[in-house]
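See structure below.
The values are calculated or read from the model by the stated rules, or taken from the named source; none is laboratory data. The shown structure was predicted, so the numbers you read here are calculated from the model rather than taken from an experiment. Virtual Cβ from ideal backbone geometry, glycine too; neighbours counted across all protein chains shown.
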Amino acid sequence: METRVEVADFEDWRELAGEAVELLQAGELVALPTETVYGLAADALNEEAVAKVFEVKGRPSFDPLIVHLGSWRDIRKVAEVPAEIEDSVRELTQEFWPGPLTLVLPKKENVSDAVTAGLPTVAVRVSAHEVMREVAKKLGPIAAPSANLFGKISPTSASAVVAELGGAIPLIIDGGACRDGLESTIIKIEPGEKKPLITVLRPGPVTREDLRKFGTVKKARPSKDQEVEVPGQTPSHYAPRAKVVILAKDQDFEPEAGVKYALLTYRGDSKWEEAHEWVAQEALSPGSGKLAEAGVRLFHLLRKLDDAEPEVILVESLTETGVGVAMMDRLRRAASEER
């Protein structure tokens with residue numbers, strides 16, 4: 001299959017969105033930009049198209065998909081909103097939609113088990129990217145995991161999608177570099193005694209600090225025996241070809257003879273800069289040390305370092321505040337031995 005890459009510029013992005021809708025209505029898959037990462041889109045209510053997503057990505061059937069909506073009004077097309085959390089859902093969507101927050105809600109019967117991995121819930125969000133949102137408005141609910149092979153580095157550019165899925169899908173819409181660079185925050189909401197309980201199932205650009213004014217925020221407890229409830233919970237994920245090793249800030253580095261290493265630091269001023277002759281090295285937020293900038297660049301730089309063909313990528317650990325929580329979550333999964 002020939003894969004076309006079309007740039008969504010100021011003049012013709014709506015025309016391209018219409019072309020994407022036609023392909024999706026025909027049961028095809030299209031890679032679309034979002035503010036987080038590029039998504040591999042399928043008609044969420046077409047079970048055969050959804051099956052193609054799993055086939056093209058090599059994604060296991062137990063890993064559910066996020067459903068993208070055209071607006072908050074579309075929630076009830078795919079999900080039920082229990083009365084006891086209705087106010088919380090309204091407040092959160094008014095604050096963060098369109099944007100990188102995904103809500104887990106009871107699913108409606110029209111959503112197939114293929115989308116939800118057999119779970120009684122569905123994960124929904126409204127993207128802040130105009131292309132994804134326009135396609136969802138015209139087509140209806142869209143199932144769209146990241147547009148890459150399962151378990152690999154998430155794509156934050158059209159070229160990253162081409163590198164992994166070129167030849168497997170008919171169209172990639174190039175909407176430029178992703179604004180946030182990390183997958184959406186996923187939460188579930190439950191009624192509490194005084195405040196709603198908000199459980200962060202996957203950390204992302206919407207941080208715990210952002211969510212605190214809407215309820216009591218807690219982190220999901222990790223468990224090796226816990227079934228996957230939402231995307232991104234598998235132990236190994238977001239992984240380059242090279243082995244990833246996370247270095248604590250006070251840790252010394254002793255290279256193994258004959259091994260090729262690459263280095264990813266936070267600001268580019270770490271003690272490891274001159275400690276070895278790296279095959280490649282990069283800084284997430286050169287000089288300034290801003291977590292938001294580091295989050296945007298994380299997947300891009302992991303992919304860039306991996307292209308230098310090291311055997312090991314050493315990554316400086318990050319402060320786990322704000323978006324640093326999401327970044328360290330991605331890095332720990334990338335460094336997992338369970339491949």
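Data overview
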item: Options A51, A31: the member that is under 21 Å from the mean Cα position of the chain (by Cα) and either without any contact (Cβ under 8 Å) to a residue 60 or more places away in the chain or not in a helix (DSSP H, G or I) (or both); result: A31
item: Failed criterion for T234 (all others in (1) over 25 Å from A144 (Cα atoms); (2) in contact (Cβ under 8 Å) with a residue 24 or more places away in the chain hold); result: (1)
item: Pairs where the first residue, in the range 136-159, is at pLDDT 95 or above and the second is of a type in the set (S, T, N, Q) and assigned to a strand (DSSP E or B), C-beta under 6 Å, 6+ apart; result: S154/S146
item: Top-ranked residue in the range 117-148 [being of a type in the set (S, T, Y) and buried (at least 20 other Cβ atoms within 10 Å of the Cβ); ranked as farthest from the chain's Cα centre (by Cα)]; result: S127
item: Residue match in the range 91-102 (condition: assigned to a loop (DSSP other than H, G, I, E, B), surrounded by fewer than 22 Cβ atoms within 10 Å (Cβ to Cβ) and acidic (D, E)); result: no
item: Residue list for the range 169-223, filter: in contact with a Gly (Cβ under 6 Å, 6 or more places away or on another chain), among the β-branched types (V, I, T) and closer than 18 Å to M132 by Cα; result: T185
item: Residues of the range 46-73 that turn out to be out of contact with any strand residue (DSSP E or B) (no Cβ under 6 Å at 6 or more places or on another chain) and more than 18 Å from E35 (Cβ to Cβ), as a count; result: 17
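Residues checked against (1) of a type in the set (G, A, S); (2) closer than 18 Å to T319 by Cβ; (3) in contact (Cβ under 8 Å) with a residue 60 or more places away in the chain; (4) surrounded by fewer than 16 Cβ atoms within 10 Å (Cβ to Cβ):
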position	(1), (2), (3), (4)
A262	yes, no, no, no
E273	no, no, no, yes
E277	no, no, no, yes
A280	yes, no, no, no
L284	no, yes, no, no
G287	yes, yes, no, yes
G295	yes, yes, yes, no
F299	no, no, yes, no
